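Below: one structure, written as structure tokens.
Derivation of every value follows stated rules applied to the coordinates shown; laboratory data play no part. A quick note: this is a predicted structure, and the numbers were derived from the prediction, not measured. When we count neighbours, we look across all protein chains shown, and the Cβ atoms used for this are built from the backbone with ideal geometry, even at glycine.
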């Protein structure tokens, strides 16, 4: 296996420009002395040929990977910085009520809060008889029994079976009631 060919300074600059996100043509213009009379087609052709070489592709790949590693390292160092500051806030007596917020944030970034799905099941139907039966069963489990028919059961709403009748007021003779307007 032969030693990879060394890139010239212009090729290195071309690789850096491509790795930074420029098009091949723009990277070529920025790296080489392109005359104003050079056509866009010519620049495109030359830059594509240059970008197609193995050495250039390998160097561009190296530069992109190095940039990504640097971004990851910065992100990790920022996360470490935030975690360290939260630890300080948690331990600082003078931080007051914000200590709880710091503790909450620390728990969140540490992954201590597990994501959980809460599902609510409606085990009862909307049928009034089923609801009544479920209530009676629960009351029985609690040791409470109902005497007589349940209030609110189906039937005549004026039917007060099992309860004391309400005495009616005595009827008054119409002649005995005085009209205050008559005086």
Checklist outcome for this item: Footprinting proxy, 93, 17: sorted fewest to most Cβ within 10 Å, the residues are 93, 17
Checklist outcome for this item: FRET efficiency for residue 103 and residue 138 from the Cβ-Cβ distance with R0 = 35 Å, rounded to 0.05, comes out at 0.30
Item to check | Inter-label distance for residue 8 and residue 64, nm, one decimal - labels placed 7 Å from Cα along Cα-to-Cβ | outcome: 2.5 nm
Checklist outcome for this item: Cβ density ranking, 10 Å radius, fewest first, applied to 32, 24 yields 32, 24
